[in-house]
Structure formats: C-alpha cells, structure tokens
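The next block holds one structure in the form of structure tokens; read it before the comments.
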C-alpha cells in the first residue's frame with residue numbers, strides 16, 4: 001500500500017468496564033493495512049487530577065498510544081497544563097464553542113498565560129500537547145482537537161497520504177480511493193466490535209519527509225493560497241461522497257513537515273504567513289514555534305490567530321509553542337526533531 005492509516009481513533013463517551021473491553025478487543029483485531037497509531041478521544045469533560053490519572057491508566061490497560069481530553073476554555077489553564085506535563089501520552093484541547101470578536105482579548109491573554117507558564121518551566125513538549133479550538137469540541141481523529149460527541153462509542157480514521165497524492169494520477173480519485181480503504185478497515189473493526197463508524201477525516205497532513213508542501217507550492221517555491229483553496233475544495237467534494245468526519249482540510253503543522261521547516265529556516269515563511277494560511281486551511285497555525293518576544297507581541301499574535309478563526313467561521317485549532325529562542329534558532333522537540341523558530 002502506498003499510504004498509511006495515520007490513526008484509528010476510538011471515541012468514548014465515558015470510561016467504564018464496557019469501554020475498556022471494547023478498547024482491548026479493538027487492539028486485538030488484525031487489519032490489512034499499516035496503522036501508525038491507535039488513539040482514544042474522550043467526551044467533553046471537566047478537569048480534575050483524578051480524571052487525568054484515570055485516563056492514563058485506561059490508555060495503558062487498553063494498549064493505546066495516545067488519549068485526548070476536550071476541556072472548556074473556562075478551566076484554569078495553568079493548573080491543567082501543570083498536571084498534563086506529568087503524562088506524556090495525554091493531550092488536551094481548550095474549546096470555545098462559539099468564538100465572538102469581543103472575546104478575543106480575554107482569550108488571547110488566557111492562552112498566553114498558559115504558554116508562558118510552560119515556557120518558564122522550559123517545557124516546550126507539553127505546549128505541543130495542548131490546543132485552543134474554536135468551534136469545538138470536534139469529532140475528529142486528529143489530536144489534540146479529537147473529541148467524542150456521540151452518546152455511544154464510535155470509530156474514526158485519519159490518513160498519512162501526502163506522498164501518495166503527489167505521485168502521478170488523478171488526485172480526486174486518489175483521495176477517494178484512500179478514504180475508502182480506511183473506511184473499509186474501520187467497518188471491519190466496527191463489525192467485530194458492534195459499534196458505529198463516525199467516518200474518515202480526509203485531511204491531508206504531513207510527517208517530516210512526507211511533506212504537504214509539493215501539493216501547494218507556488219512557482220517561486222513558497223506556499224500558494226490559491227492551491228490551498230483548490231485542494232481544500234477537492235477534499236470537500238470527496239468528503240461529501242464517502243462517510244467522513246472532522247476537519248477535511250489541508251493541514252500545515254510546522255514541526256511535522258521538513259519542507260515547512262526549510263522554508264522557515266530560509267526566512268521564506270514568517271509567523272504571519274501561517275495566519276494567512278489559517279483562513280484557508282484548518283491548522284494553518286499549528287506547531288509553530290514563536291520567539292522569546294514580549295508579552296505584548298505574543299498576545300497580539302494570538303489575537304490575530306483568533307481573528308482569523310472569526311473570519312473563517314469553521315472549526316479551527318491553534319497549537320503554538322512559546323520559546324526563549326531567537327528567530328532562526330532550532331529547538332529540539334523530541335519526536336518532532338529540531339524545528340526552527342519563526343520570525344514574528
């Protein structure tokens with residue numbers, strides 16, 4: 001197979017013995033595809049230390065790689081982040097059901113305080129595991145935004161297929177074909193477990209050498225907004241033809257794409273370019289490393305991100321990493337390898 005299933009995500013409305021049994025059985029099912037990761041997404045929850053401990057134990061007992069917990073933006077973000085830093089396999093999203101212009105200053109300040117707290121601890125990796133989600137929670141397999149919005153367990157899938165889509169052939173048919181393969185895998189699991197399939201998130205996302213940049217590069221070698229919009233239109237059309245869920249748009253996470261890293265290192269892309277892309281693609285400001293600028297500059301940047309969300313009026317997530325570094329410096333981010341800091 002020329003592509004992988006990036007994630008099979010089990011969305012659970014609650015944690016109990018029945019859901020643990022379902023999760024364990026899922027991991028025992030053999031599928032005819034290369035599955036990169038198995039994940040669990042919980043329903044919208046209220047934060048507590050006990051919840052995080054229960055979730056971590058559940059994931060370990062079930063044999064899953066990662067667990068996502070959707071929380072309210074009204075939570076104490078600093079307290080949540082401090083506890084989250086103790087659990088390497090947990091992700092959290094802070095959800096804003098309906099973002100309004102008047103909310104932006106307060107929300108930008110709140111997100112800044114969380115990022116700055118982690119920055120002072122030298123903790124960049126926990127910043128990689130939190131996201132601000134406008135229009136959430138969202139039933140998507142993509143982390144940290146993943147959430148369960150169903151009243152019963154459902155299955156979701158995501159693809160790693162940028163390289164496959166770059167090869168010769170009709171891209172519409174390729175997206176459709178890959179989506180159907182993923183859906184077939186989910187349906188097999190669904191049949192054996194007796195639970196429903198929510199769908200496949202057809203979003204095109206990168207992983208290091210498997211870059212999305214060739215799909216949307218301009219003639220000058222940078223990123224074309226026109227090509228992003230055109231590609232998103234294709235994904236939208238295909239998502240209407242097969243069972244889909246989630247974002248179904250192009251994703252541009254800086255720390256997960258080596259070509260995006262190269263463009264930032266060459267100073268071809270700056271921080272504000274990612275906001276521009278944000279209007280056209282769901283994760284345009286995702287895994288972007290910000291320099292050790294002043295509070296005023298970082299808060300202003302977050303405000304600009306949130307303003308883009310108001311303009312777009314579709315579910316959208318933000319994942320920023322606030323560092324102590326200078327623009328152009330490289331930061332080690334564990335499995336994401338070294339990533340350049342953007343210029344504001």
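The values are calculated or read from the model by the stated rules, or taken from the named source; none is laboratory data. From a predicted model like this one, the values you see are computed outputs, not experimental measurements. Ideal geometry is used to build each Cβ from the backbone, glycine not excepted, and the neighbour counts take in all protein chains shown.
Looking at this structure, is residue 335 within 18 Å of residue 73 (Cβ to Cβ) and either surrounded by fewer than 17 Cβ atoms within 10 Å (Cβ to Cβ) or touching a helix residue (DSSP H, G or I) at 6+ places or on another chain (Cβ under 7 Å) (or both)? No, not satisfied. When 172, 212 are checked against the criterion of being over 25 Å from residue 137 (Cα atoms), modelled with pLDDT of 95 or more, in contact with a helix residue (DSSP H, G or I) (Cβ under 8 Å, 6 or more places away or on another chain) and exposed (fewer than 15 other Cβ atoms within 10 Å of the Cβ), 172 stands alone in meeting it. Against the conditions (1) more than 27 Å from residue 336 (Cβ to Cβ); (2) in contact with a strand residue (DSSP E or B) (Cβ under 9 Å, 6 or more places away or on another chain), residue 168 satisfies every one except (2). Every listed requirement among (1) touching a strand residue (DSSP E or B) at 6+ places or on another chain (Cβ under 8 Å); (2) more than 15 Å from residue 206 (Cα to Cα); (3) modelled with pLDDT of 95 or more is met by residue 278 save one, (3).
Residue 258 falls short on exactly one of the conditions (1) closer than 24 Å to residue 172 by Cβ; (2) at pLDDT 95 or above; (3) touching a strand residue (DSSP E or B) at 6+ places or on another chain (Cβ under 7 Å), and that condition is (1). For the criterion of being on the phi < 0 side of the Ramachandran plot, in a loop (DSSP other than H, G, I, E, B) and in contact (Cβ under 8 Å) with a residue 60 or more places away in the chain, residue 237 fails.
Considering only the range 87-114, state which residues are within 30 Å of residue 312 (Cα to Cα), without any contact (Cβ under 8 Å) to a residue 40 or more places away in the chain and touching a helix residue (DSSP H, G or I) at 6+ places or on another chain (Cβ under 7 Å). Listed by number, the residues that qualify are 90, 94, 110, 113, 114.
If you go through the range 290-306 and keep only what is touching a residue at least 12 places away in the same chain (Cβ under 8 Å) and within 17 Å of residue 117 (Cβ to Cβ), you end up with 290, 292, 293, 295, 298, 299, 302. Based on this model, can you work out whether residue 85 counts as modelled with pLDDT of 95 or more and within 20 Å of residue 322 (Cβ to Cβ)? Spelling it out, residue 85 is indeed modelled with pLDDT of 95 or more and within 20 Å of residue 322 (Cβ to Cβ). Which ones in the range 307-332 are in contact (Cβ under 8 Å) with a residue 60 or more places away in the chain, part of a helix (DSSP H, G or I) and surrounded by 17 or more Cβ atoms within 10 Å (Cβ to Cβ)? Within the range 307-332, 307, 309 meet the criteria.
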